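Notes for the one structure printed next.
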Amino acid sequence: MIRYPYNELEFTFSSSPDETYEADFLIGLYRSMLRIRMIQEAIESRYHEDEMKTPIHLVIGQEATSVGVCAALRTTDQVYSSHRTQGNYLAKGGSLKGMMSELYCRLNGCAGSRGGSMHLLDKSVGYAGSSAIVGGSVPIATGAAFGAQYLKKDQINVVFFGDAATEEGAIWESINFAALKSLPVLYICENNFYSVCSSMEVRQPKVDIYKKAGAFGVNSCRIDGTQVLNVYEATREAVKIARSGGGPTFIESVAYRWRGHGGAGDDSASGYRDPEEVKAWQKFCPIDGLYKDLMKKNLFDETRNSSMKKEIQDEIEEAFQHAINSPNPEEKDLSTYVYSD
Ligand SMILES: Cc1ncc(C[n+]2csc(CCOP(=O)(O)OP(=O)(O)O)c2C)c(N)n1
């Protein structure tokens, strides 16, 4: 049992995270989380300029879930998300330039300027899309898994959603169907304890989310979502089960969102959560945790860390400039991607 200062939870691990990993693999996970963090901070620092014409939902604090899950997937596996897209999209290999252009509402954005941050898309890397409707992507991913199974495609479909999405009926209808048909689908519930400003206590009875999924007969577990290797191992096992026809897995990955529900900065001062709770969770930073492990094992050093940060910083700056200098949509573009008969 791991006891966090504010949220006492029992974690079950589907397999041991004590395996020996290649140094390059571990450094790759670290880099991927660091890159997401730095991109999020850069977006946050420029959001007040009001040039990004989109709501944003930052994933600072939750990076390990996106990175650990996607590290266990193939490019051909398909990922779907909710409104909190950016970590999932980047971890699956989505184009940073395409994302930045989308945030700036440019014509060359990854969703053609039609979507904004909540509707990213990069089919070339298996990021199939997202929905701002809470729980909305879950039946879509389940249907896609049904399609993949029917067409005998060797493809896993993965859907990320928040804890509040488990208050939507469509989720349980989807899980019921996936269990019945043994569909190759992974349900990744990113439990950060809040739905906008409402805590779990005022929204759900005290029943562990992953146990509800287990009641449908699907494999289900809760993992420490601040530990990227735990996320990776749980997903790897779930993928193995799904690829061999063993059906869906539900993973409840627990990690805390450090920023407000939407926009830049932390909104705890508005009173819906204790600012001390935020500080307490920040001690469980997924990136610092892995960095310390790498240093302890002499697999990494400060010089490499600094040059890695510089490289990422340059990439981010280039992506911002790409977006800022790209053309806006024009009036004539209004009718493209609009279907009528
Ligand atoms: C069906 C539906 N109901 C309400 C909303 C408004 N809404 C947007 S995000 C959100 C909270 C979602 O919380 P959660 O699913 O836990 O994800 P998190 O934001 O914590 O990542 C709500 C209620 C919505 N977009 N769709």
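Read-outs: derived from the displayed coordinates by stated rules, not from any lab. Nothing here was measured: the structure is a model prediction, and the numbers come from that model. All Cβ positions, glycine included, derive from the backbone under ideal geometry; neighbour counts span all protein chains shown.
Can you grab the distance from the C-alpha centre of the stretch 287-341 to the C-alpha centre of the stretch 65-126, Å, no decimals? If you average the Cα positions of each part, the centres end up 11 Å apart.
Net charge in the neighbourhood of Arg84 (other residues with Cβ under 9 Å of its Cβ; Lys, Arg +1, Asp, Glu -1) is 0.
The Cβ shell under 11 Å around Val125 holds other residues with a net charge of +1, Lys and Arg each +1, Asp and Glu each -1. Here is the size of the stretch 253-332 from its Cα atoms: Rg then Dmax, 18.7, 58 Å. Considering only the other residues whose Cβ falls under 12 Å of the Cβ of Glu317, what net charge follows from Lys and Arg at +1 and Asp and Glu at -1? Once all neighbours under 12 Å are counted, the net charge is -1. Quick one: go through the stretch 68-103 and flag any residue whose amide nitrogen is under 12 Å from the point 7 Å out along the Cα-to-Cβ line of Asp333. Residues 101-103 qualify, since their backbone N sits under 12 Å from the label point.
Among Ser326, Ser82, Ser253, determine the one that fluctuates most according to a GNM of the chain built with springs between C-alpha atoms less than 10 Å apart. Comparing Ser326, Ser82, Ser253 in the GNM, the peak value goes to Ser326. Farthest towards the positive end of the charge dipole of the chain, among the residues Phe284, Tyr256, Gln227, is the Cα of Gln227, using unit charges on the Cβ of Lys, Arg, Asp and Glu. When the chain is treated as a GNM with alpha-carbon contacts under 10 Å, the residue of Lys123, Lys181, Lys292 showing the greatest mean-square fluctuation is Lys292.
Both the radius of gyration and Dmax for the stretch 147-263 are 14.5, 43 Å, in that order, over alpha-carbon atoms.
Kirkwood hydrodynamic radius computed over the chain comes to 20.5 Å, based on all pairs of distinct alpha carbons. Using the alpha carbons alone, the radius of gyration of the stretch 96-173 stands to its Kirkwood radius in an Rg to Rh ratio of 1.03.
Once each of the chymotrypsin sites (Phe, Trp or Tyr not before Pro) sitting in a DSSP loop with at most 11 other beta-carbon atoms within 10 Å is removed, the chain keeps 1-336 as its longest stretch.
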